[in-house]
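Heads up, the thing below is written out as structure tokens.
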């Protein structure tokens, strides 16, 4: 399919209660009164222009953008802070796999977004959705990619890991700089820490750390079974969830295992890290919070599925019975829960208290703690002026449109 630019700059921005009110037809996706009972409030709500039979499949938080992927093989870009729709594009055939998008790094924040599919890469201007280039890759991509300012790193189902150089001056067809044997298919999301430290893992059960520029091997660590879950890291360590039913903390500089926590079943989902805590989900066992420094288990939520958001007031969890539950960060003690009947999934957010809920049909809702200041009309107006422009670009204030 040929991507297209969807020229919808403000499909919808719902301003929380007490300000402008709802800007789209239809009933609210959540009950504000029930939210307040658990200390949450609706911050914004967005409705996407989906086709008949199309629904939201998943979403990914990348820097300032929230990318929503649908069952029709389309992708939409929203501003994560306010929920304005920037653009949408056709990427692949319905029900085909779209991996998590990745931003090419740049000091001014203008780097484009790369959207990987199984055997093709799409590069869009991340602010206005213009297709800059698209190219086939000579292998089947196993999972998400990571990027530097001009290079793309991703693993294949062929058991190799690749680096492609992207020419941002002319957007010519990318050139393969190097590839290495990984010993098995690479389906876990890799990590690029700083400019040079590249980490990836394979289904051979091996974690690799190498130089991003020239693939110089720094260290390896072998677990007891395949690694299919995404990697996570903090300032000094990388966290690895393995099919050998173990969660590892590896020293970032040496690859030495600093602790290991065992689980009753293989770990298929990657960990999340926030505030010296590692959150690990295990099927049938719930969500476990582990002290990142010591490896001591802080608490376990038997119905926990994933971390939705971390805040000073507590952690917001998404449970197996599709509830949002607010718990104490240190003890796991519940402070209340709410069920949103239309929820199909949430996006893990370790940066702040924003909870991104994917609702059945075409809705995306951002919830925040009820002491968060409401969105103001002036904020939405200012955001719309800058909606399709990179940071620092000057918008034409004379063309201000009404909300």
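The values are calculated or read from the model by the stated rules, or taken from the named source; none is laboratory data. All values derive from a computational prediction rather than experimental measurement. Please note: Cβ atoms are built from the backbone with ideal geometry, for glycine as well, and neighbour counts cover all protein chains shown.
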- [ ] Tell me, please, whether a residue that is farther than 24 Å from residue 269 by Cα and modelled with pLDDT of 95 or more can be found in region 198-211.
- [x] yes
TODO: Can you give me the ranges of the strands (runs of 3 or more DSSP E) entirely in region 298-337 with at least 3 residues that are over 16 Å from residue 370 (Cα atoms) and touching a strand residue (DSSP E or B) at 6+ places or on another chain (Cβ under 7 Å)?
DONE: 304-311, 314-319
TODO: Would you check which residues across region 307-337 are under 28 Å from residue 56 (Cα atoms) and surrounded by fewer than 19 Cβ atoms within 10 Å (Cβ to Cβ) and list them?
DONE: 320, 321, 322, 323, 336, 337
Open item on the list: Checking the structure you have, find out if any residue of region 353-374 is outside any strand (DSSP E or B), at pLDDT 85 or above and out of contact with any strand residue (DSSP E or B) (no Cβ under 6 Å at 6 or more places or on another chain).
Closed with: no
Open item on the list: Going residue by residue through region 254-271, is there one that turns out to be buried (at least 17 other Cβ atoms within 10 Å of the Cβ) and under 30 Å from residue 371 (Cα atoms)?
Closed with: yes
Task: Meets criteria (closer than 19 Å to residue 144 by Cα and part of a loop (DSSP other than H, G, I, E, B)) for residue 230 - done: yes
Task: Long-range neighbours under 8 Å by Cβ, at least six apart or interchain, first residue at pLDDT below 50 within region 382-403, second surrounded by 10 or more Cβ atoms within 10 Å (Cβ to Cβ) and in a loop (DSSP other than H, G, I, E, B) - done: 401/10; 403/10; 403/13; 403/20; 403/23
Task: Matching entry among 212, 204, 257 (being in contact (Cβ under 8 Å) with a residue 12 or more places away in the chain, under 25 Å from residue 106 (Cα atoms) and over 21 Å from the mean Cα position of the chain (by Cα)) - done: 212
Task: Which numbered condition residue 310 misses (of (1) within 23 Å of residue 68 (Cβ to Cβ); (2) over 20 Å from the mean Cα position of the chain (by Cα)) - done: (2)
Task: residue 274 vs. criteria more than 20 Å from residue 183 (Cβ to Cβ), free of Cβ contacts under 8 Å to residues at least 60 places away in the same chain and crowded, with 19+ Cβ neighbours inside 10 Å - done: no
Open item on the list: Anything in region 338-352 that is outside any strand (DSSP E or B) and under 22 Å from residue 82 (Cβ atoms)? List them, or say none.
Closed with: 340, 342, 348, 350, 351, 352
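Do we have residue 171 as in contact (Cβ under 8 Å) with a residue 24 or more places away in the chain, assigned to a strand (DSSP E or B) and more than 25 Å from the chain's Cα centre (by Cα) here?
Spelling it out, it is not the case that residue 171 is in contact (Cβ under 8 Å) with a residue 24 or more places away in the chain, assigned to a strand (DSSP E or B) and more than 25 Å from the chain's Cα centre (by Cα).
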Task: Per-region count, region 174-206, residues over 21 Å from residue 241 (Cα atoms) and in a loop (DSSP other than H, G, I, E, B) - done: 4
Open item on the list: From the list 167, 244, 230, 179, exactly one residue is surrounded by 15 or more Cβ atoms within 10 Å (Cβ to Cβ) and within 19 Å of residue 102 (Cα to Cα). Which is it?
Closed with: 230
TODO: Might you check whether a residue that is within 26 Å of residue 358 (Cβ to Cβ), within 17 Å of the chain's Cα centre (by Cα) and surrounded by fewer than 21 Cβ atoms within 10 Å (Cβ to Cβ) occurs anywhere in region 119-132?
DONE: no
- [ ] Report, by residue number, each residue of region 372-381 that is closer than 25 Å to residue 37 by Cβ and without any contact (Cβ under 8 Å) to a residue 12 or more places away in the chain.
- [x] 373
Task: Matching option when the condition is surrounded by fewer than 16 Cβ atoms within 10 Å (Cβ to Cβ) and within 17 Å of residue 79 (Cβ to Cβ), among 351, 368 - done: 351
TODO: Exactly one condition in (1) closer than 26 Å to residue 47 by Cβ; (2) in a strand (DSSP E or B) is not met by residue 278; state its number.
DONE: (1)
Open item on the list: Taking the conditions exactly as written (outside any loop (DSSP other than H, G, I, E, B), surrounded by fewer than 21 Cβ atoms within 10 Å (Cβ to Cβ) and in contact with a strand residue (DSSP E or B) (Cβ under 9 Å, 6 or more places away or on another chain)), does residue 42 satisfy them or not?
Closed with: no
Task: Filtered residue count, region 71-84, keeping only those that are surrounded by fewer than 23 Cβ atoms within 10 Å (Cβ to Cβ) and more than 19 Å from residue 30 (Cα to Cα) - done: 4
TODO: Kindly provide the set of residues from region 89-118 that are surrounded by 15 or more Cβ atoms within 10 Å (Cβ to Cβ), touching a residue at least 60 places away in the same chain (Cβ under 8 Å) and not in a strand (DSSP E or B), ordered by number.
DONE: 91, 92, 100, 104, 110
Task: Only listed residue being touching a residue at least 12 places away in the same chain (Cβ under 8 Å), over 30 Å from residue 218 (Cβ atoms) and touching a helix residue (DSSP H, G or I) at 6+ places or on another chain (Cβ under 8 Å), chosen from 363, 336 - done: 336
